[in-house]
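Reading through the structure tokens given below for one structure.
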Amino acid sequence: MDIQASAKSVRISPKKVSALLVPLRGMKATAALTSLKYHRSKAAGLVYKLIHSAVSNAKNNYNFKEDNLKIKYLTVDGGPSYKRYWFRSHGSADTLIKRTSHLKVTLTEINPTVVRKPVAKPTPPKSSTDTPTKADEPDKPRTTPTVEAPKLKQNAFKRIFTRRTTNK
């Protein structure tokens, strides 16, 4: 079973991230996390958070072991770009393109286990003794309280909004 996680519109250029992803593909998830944890680049921090999120999804939603996961796919795509101007001399300007990235990781199991259902909290069955029935409740007339808005005087708006007749 494959577990996915993605991060969209991350504020880093795809060119800077793609060089970091090449050695991580096919690596065990725990080994990739330890190698990224002490890397000094911004891209390493973003990829670390992404892989950590995918591992957490596998543990919490499907009860997979952390040591039994490896990286199947790890991709980076270009996202929307912000166009800005860089003002130059003599009244000219150069365009400055601030690029974003879409990161996506897919984890898979190394040794497949028995197919498990996702973890779901069981709902307790409803018993008839816990909830009161309509026969137990006394008949009450259903009335909704009415709230009246305060009435304004007729000339209240004239005092607030007056026209200027002269320019002083």
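Tabulated results
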item: Residue among LYS83, LYS16 that is of a type in the set (Lys, Arg) and assigned to a helix (DSSP H, G or I); result: LYS16
item: Every residue from the range 70-94 that is closer than 17 Å to VAL105 by Cβ and more than 23 Å from the chain's Cα centre (by Cα); result: LYS70
item: Any hit, the range 23-32, residues being of a type in the set (Gly, Ala, Ser), touching a helix residue (DSSP H, G or I) at 6+ places or on another chain (Cβ under 7 Å), outside any helix (DSSP H, G or I) and touching a residue at least 60 places away in the same chain (Cβ under 8 Å); result: no
item: Residues satisfying the stated conditions in the range 29-43, i.e. out of contact with any Lys or Arg (no Cβ under 8 Å at 6 or more places or on another chain), surrounded by 13 or more Cβ atoms within 10 Å (Cβ to Cβ) and within 25 Å of GLU109 (Cβ to Cβ); result: THR30, ALA31, ALA32, LEU33, SER35, LEU36
item: Considering residues of the range 1-22 that are touching a helix residue (DSSP H, G or I) at 6+ places or on another chain (Cβ under 9 Å) and closer than 21 Å to ILE110 by Cβ only, the residue surrounded by the most Cβ atoms within 10 Å (Cβ to Cβ); result: ILE3
item: Answer from VAL17, VAL22 - the residue that is touching a Ser or Thr at 6+ places or on another chain (Cβ under 6 Å) and over 30 Å from VAL114 (Cβ atoms); result: VAL17
item: Qualifying position, being surrounded by 12 or more Cβ atoms within 10 Å (Cβ to Cβ) and out of contact with any strand residue (DSSP E or B) (no Cβ under 6 Å at 6 or more places or on another chain), among TYR73, TYR48; result: TYR48
item: Any hit, the range 83-98, residues being surrounded by 12 or more Cβ atoms within 10 Å (Cβ to Cβ), among the β-branched types (Val, Ile, Thr) and within 23 Å of SER9 (Cα to Cα); result: no
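Every number in this text was worked out from the coordinates using simple rules, so none of it is lab data. What you see is a predicted model; the values in this text were computed from it and never measured. Note that each Cβ is placed from the backbone with ideal geometry, even for glycine, and that neighbours are counted across all protein chains shown.
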